[in-house]
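What follows is calculated from the coordinates using simple rules that are stated; it is not laboratory data. Nothing here was measured: the structure is a model prediction, and the numbers come from that model. Note that each Cβ is placed from the backbone with ideal geometry, even for glycine, and that neighbours are counted across all protein chains shown.
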Amino acid sequence: MGRLAAYQVNDLFDQTEALQNLLISQATGGNADDAEFVRLRQMLLTKPALDSLVPGFVRTCRSLSQFWQFIKYKHSTYVERREFIWAEFRPLLDLLERAPLSLADQLVSERLEKFDASHVQAAWSKALERRAADPEGAITSARTLIESVCKHILDSADVTYDDGVDLPKLYKMTAETLNLAPSQHTEAVFKQVLGGCTAVVEGLGSLRNRLSDAHGKGKVGSKPAPRHAELAVNLSGALATYLLATWDARNEAAP
């Protein structure tokens, strides 16, 4: 994911705004670059969490010539065309502008970028990307992040496990491998802190099962809000970086 993982929301905002301005230029007599339109359009269409906010004409027009055929009949004046395009892009730009990566997000992202595991980075990127627009998907990705980190550490440590093992058991195996299991310590403060980590994992699993998109819902299903997703993503990011830092420290200390 490169630097995109650390600054993806800001980058998405800039590229979405560039697409808006390119289309305004095309609609008002300017000379827009069709290749750039195709690139920016594809960038948005590969973000499932943003589907509901992408303007309809961006999805249906695959080239600038197709967009021109659409816009010239939609509105006859330049002013009307500008106002229409601005209005269509506003919900998406407003969302991206309100959701820049926090310093904590950047620190987690940078830590994961140094970790050579594309599936781990992908889970974190999806969690961040979906946090505001798709809370259910973000909760699923938060859980997937912890699962991916645990499996990667266990694989690197040559510890075997059943691929279908549930998350609490998977985390317990990882914690024991890293000497982070509460039962491996005698001091009360360490047992309390490490027990809290176990509780976080169990809580993520429960939250995912109750609120995420991983399971079907009945008529009276709970729908997560962005604040629920933010909690799940923040917890998973903090725990993932803690596990990876512990794994690195163990490797550095090894003779």
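If you average the sequence gap of Cα pairs under 8 Å that are 6 or more apart and divide by the length of segment 4-98, what percent do you get for the contact order?
40 percent
Residues with beta-carbon under 10 Å from that of residue 123, excluding residue 123: net charge, scoring Lys, Arg +1 and Asp, Glu -1?
Net charge in that neighbourhood comes out at +1.
What list of ³J(HN,Hα) values in whole Hz, one per residue of segment 226-233 in order, does the Karplus curve 6.51 cos²θ - 1.76 cosθ + 1.60 (θ = phi - 60°) give from phi, with Gly and Pro shown as x?
So the Karplus estimates, Gly and Pro as x, are x, 5, 5, 5, 4, 4, 4, 5 Hz.
Straight-line reach from residue 191: which aspartates and glutamates have Cα under 14 Å away, leaving out those fewer than 8 places along the same chain?
176
How far apart, in nm, are the 7 Å Cα→Cβ label points at residue 68 and residue 253?
Taking the simple label geometry, residue 68 and residue 253 are separated by 6.7 nm.
Rank these for me by crowding, 54, 193, 120, going from fewest to most other beta carbons within 10 Å.
Neighbour counts put them in this order, fewest first: 193, 54, 120.
Just grab the label-to-label distance for residue 156 and residue 17, each label 7 Å out from Cα along the Cβ direction, in nm (one decimal).
Each label point is offset 7 Å from its Cα along the Cβ direction, giving 3.7 nm.
Using the number of other C-beta atoms within 10 angstrom as an exposure proxy, rank 146, 24, 139 with the fewest first.
Going from least to most buried by this count: 24, 146, 139.
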